[in-house]
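The values are calculated or read from the model by the stated rules, or taken from the named source; none is laboratory data. Just so we're clear, the structure is a prediction, and the values are computed from it rather than from any experiment. Please note: Cβ atoms are built from the backbone with ideal geometry, for glycine as well, and neighbour counts cover all protein chains shown.
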Amino acid sequence: MARPQLKFVCQECGSAQSKWMGQCPDCGAWNSLQQEAVAAATPFAQKHGLKAGGRLLDLQALDARIELPRRLSTGFGELDRALGGGLVPGSAVLIGGDPGIGKSTLLLQTAGRMARSGQAVTYISGEEAADQVRLRALRLGLADAPVKLAAATSVRDILTTLGAGPPPALLVIDSIQTMHSDQLEGAPGTVSQVRAASLELIGWAKESGAAVILVGHVTKDGQIAGPRVLEHMVDAVLYFEGDGRHQYRVLRAVKNRFGGTDEIGVFAMEADGLAEVPNPSSLFLTERDKAVAGAVVFPALEGTRPVLVELQALTVRLPSGATPRRAVVGWDGSRLAMLLAVLEARAGLAFGGSEVYLNVAGGLRVVDPAADLAVAAALVSAQLDVPVPADMVAFGEIALSGEVRGGAHAALRLKEAEKLGFRRAIAADGTKGLGRLAITPVKTVRALVDRIRASA
C-alpha cells in the first residue's frame, strides 16, 4: 500500500502547499496552513482513466415539462422574503453572522413555527447540549413545538439516523464547523472536514428532497469561515447583520439560486426572541422636531424593498497645519473621499482643512450607489451650516465630472418617501414626481450647492 502524501492546506482560502509556510502565498493569511494527509497516486489509478466503468446518465431536454416544487413557508415573512419566497425542497441554505447576533434564535424559532404548522423538522446542534436548546425554546415560548432535537457532531451518525425514517421537511445543522466526517483525518472546522461534511449533507438533501439550513461561523472580517468553495456548494447564502448595541437585525441575501440577491429581512431582538419589522424605515429614521444641518434622508433600495435611512454629516474646521480626519460609519470610505474631491473640484467647496464625519443612523450599512447625492447634500449642508428641509429626501449617483445621474427604480423610492410623509425630493434632472411629492431637479453638484444655499 502506498504511503499517504502530506500537504499543507490554508484554513482561510483552501489552497494546498507542498511545505509549511508562515504566510499563505495565495490569500496572505498568517499561520493558517495546517498539515493534512492525502492518498498517494498509485500506478493503477494513473493507468486507468474515467472514460468507462460508470453508469449512464439520463439526459433530458432543456424544454422538458416538469412540476416546480412548492416552496415551504418558514413562518417568518421577512425570512421568506430574503429566501425569495420560502424554502425550496432539496435546497441547501448557508446562514452566517457574528457570534451572539441571533442565528440560533432565528433558526429555533423557524423550526418551531414550521413544526407547529405540521411540517417535520429536525434540529441538530453541534455546539450546545440538547438541554441547552430546550431552555432556549422554553424562553422563546416554543417548548411544546414538535421539533426533533439531537446534539451530535458525527455526520455518519446524523445521516444514519435520518435514513432510519422518512426525511424531514427541514434539517437545521448548527453549526457546520462542528461537524466531523470519519472518512477524513483532521479536527472539525478544518477546510477538508468542512468541505466533506457539507458535501455529504447537501448530497443527502438533493436525494431526499429535504431543505437543509447550515449555520456558518464568520471571521473577524465578517466573511464565512472555511473554504470559499462552501458558498459555491450551497443554493443560498444569507448574512445576519447587526450590532449588539441596537435591537434590529438585518438578514441579507448575497446569493440565491431561486430568487434575487440583495433582498433583506429586518428583525428586532425582543425579550421573547426575534420579531419581524414590517416597516423598517421607522427604525432608521431619527425623530427630529426641526431640520438640522448635515442630516439628509435617503430612500435606499435593498433588493426590491425601499428603506428610508438618515445620513448624518459633520465637518469641523481645524487650525492651519493640522491633519484632517475622515471617519465613516455605514458607508464606503473610498466613496466618501471621491465625493469630497468632486465637491472641491467641481463645486468650489474646500474640505481640505476640515475633519469630515459621516454616519448612517441606526447602524445600517448602505451599499446603494444612489446614495451619492444624499451624502453630498449632507456634506454641503454641514459645511455651509444650512439645514436641508425635514420633509425632503435625496437620491442620485454622482459622476467624477460632477454630473448627477438618476438612481434605479425611482418610483419605488418616491412611493415609500410619500407614504412616510415626505413632500419634496432632490433628484437628477428628468426624474418624475409622484403624487403629492414634488421633485427639485439638479444636473450637477454645483447646482446642488446653489439649491442648498438658496434654501437658507
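Below is a table of values for the structure above.
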quantity	calculated
Any hit, the stretch 136-157, residues being at negative phi, touching a Leu at 6+ places or on another chain (Cβ under 9 Å), among the charged types (D, E, K, R) and surrounded by fewer than 19 Cβ atoms within 10 Å (Cβ to Cβ)	yes
Count of the stretch 285-305 residues which are assigned to a loop (DSSP other than H, G, I, E, B) and among the acidic types (Asp, Glu)	2
Any hit, the stretch 268-284, residues being surrounded by 19 or more Cβ atoms within 10 Å (Cβ to Cβ), part of a strand (DSSP E or B) and hydroxyl-bearing (Ser, Thr, Tyr)	no
So residue 93, is it of a type in the set (A, V, I, L, M), touching a Ser or Thr at 6+ places or on another chain (Cβ under 9 Å), in the same structural domain as residue 188 (by TED's automatic domain parsing) and closer than 15 Å to residue 79 by Cβ	no
Considering residues of the stretch 285-322 that are under 30 Å from residue 104 (Cβ atoms) and either out of contact with any Pro (no Cβ under 8 Å at 6 or more places or on another chain) or among the charged types (D, E, K, R) (or both) only, the residue surrounded by the most Cβ atoms within 10 Å (Cβ to Cβ)	309
Candidate set from the stretch 348-367 (those that are within 28 Å of the chain's Cα centre (by Cα) and at pLDDT below 90); member that is nearest to residue 314 (Cα to Cα)	361
The stretch 89-117 - residue that is in a loop (DSSP other than H, G, I, E, B) and at negative phi and, of those, surrounded by the most Cβ atoms within 10 Å (Cβ to Cβ)	91
Counted residues, the stretch 427-454 - those being in a strand (DSSP E or B) and either among the acidic types (Asp, Glu) or under 12 Å from residue 398 (Cα atoms) (or both)	4
Residue within the stretch 328-344 that is touching a Gly at 6+ places or on another chain (Cβ under 6 Å), surrounded by 14 or more Cβ atoms within 10 Å (Cβ to Cβ) and under 30 Å from residue 266 (Cα atoms) present	no
Number of the exception - residue 56 against (1) surrounded by 19 or more Cβ atoms within 10 Å (Cβ to Cβ); (2) out of contact with any helix residue (DSSP H, G or I) (no Cβ under 6 Å at 6 or more places or on another chain); (3) within 23 Å of residue 200 (Cα to Cα)	(1)
